[in-house]
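The next block holds one structure in the form of structure tokens; read it before the comments.
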Amino acid sequence: MSDTNPETASENVTEMMEGMNDAISRSIEQNVQAQMAFIESWSDAFDGAMTEEATGDGDEDEMAETESITAEGMEGYGRAYEVWMDAAERMAERVGDAAQGEDVSITEFRDIWLQSANEAFSEVMSTTAFAAGTGQTVSQAMELQQQADDVAQDTLERMGFATREDVDEVGARLVELERRQHEVSAKLDRVLDAMED
């Protein structure tokens, strides 16, 4: 037989709601912490790149531009933070609604966070600071790639293997030989045509 005692049923609902509230609260806290860690990490990386750029041989105009970009980036972070805080408030409201007995789907919580993530990242990624930081990162990655290519080419050359430069040179020579062959063939055709006439 099922337990139909109203007090036991009420206790079960209370325990279930407390468990759900705890789980949602932990989830919100973990999400906010993860997002803040991402923003701090990106900010640290960006600040390092911008500091490196600013301490170069730039003039006052470049330094002022760097400061402007940094300020815009911080505004973007601020807007992203506001989006996260709005999401946290909506989550808290929906948890309160669920605690009062309203049927709240767990997918609604997921949708709030996904929408907020899109909005927050859009706020950050639409800034000049993000573009500058990304450009700096891409530039550094390309420099590292070039250095790795140079080391690989040098290693292949020392081992007696054909390098990319060697293959490119052979390819260029083959193209030139083919061009000359076509010229010789065309001249030979003209000579043969003249002899037949």
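Since every read-out is calculated from the coordinates, none of them should be taken as a lab result. Worth saying up front: this structure is predicted, and the values here are computed from it rather than measured. Every residue, glycine as well, gets a Cβ built from its backbone with ideal geometry; the counts of neighbours run over all protein chains shown.
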GluC sites (Glu not before Pro) lying in DSSP loop within segment 150-197, provided at most 13 other Cβ fall within 10 Å: none
Got a sec to turn the phi values of segment 103-114 into Karplus ³J(HN,Hα) couplings, 6.51 cos²θ - 1.76 cosθ + 1.60 with θ = phi - 60°, whole Hz, x for Gly and Pro? 7, 10, 6, 5, 5, 5, 5, 4, 4, 4, 5, 5
The extension gain from Asn5 to Met17, computed as 0.36 nm times the residue separation minus the Cα-Cα distance, is 2.5 nm
Between Arg26 and Asp166, the two model label points (7 Å from Cα along the beta-carbon direction) sit apart by a distance in nm of 6.1
For segment 89-197, which chymotrypsin sites (Phe, Trp or Tyr not before Pro) are both in a DSSP coil and crowded by at most 14 other Cβ atoms within 10 Å? Phe161
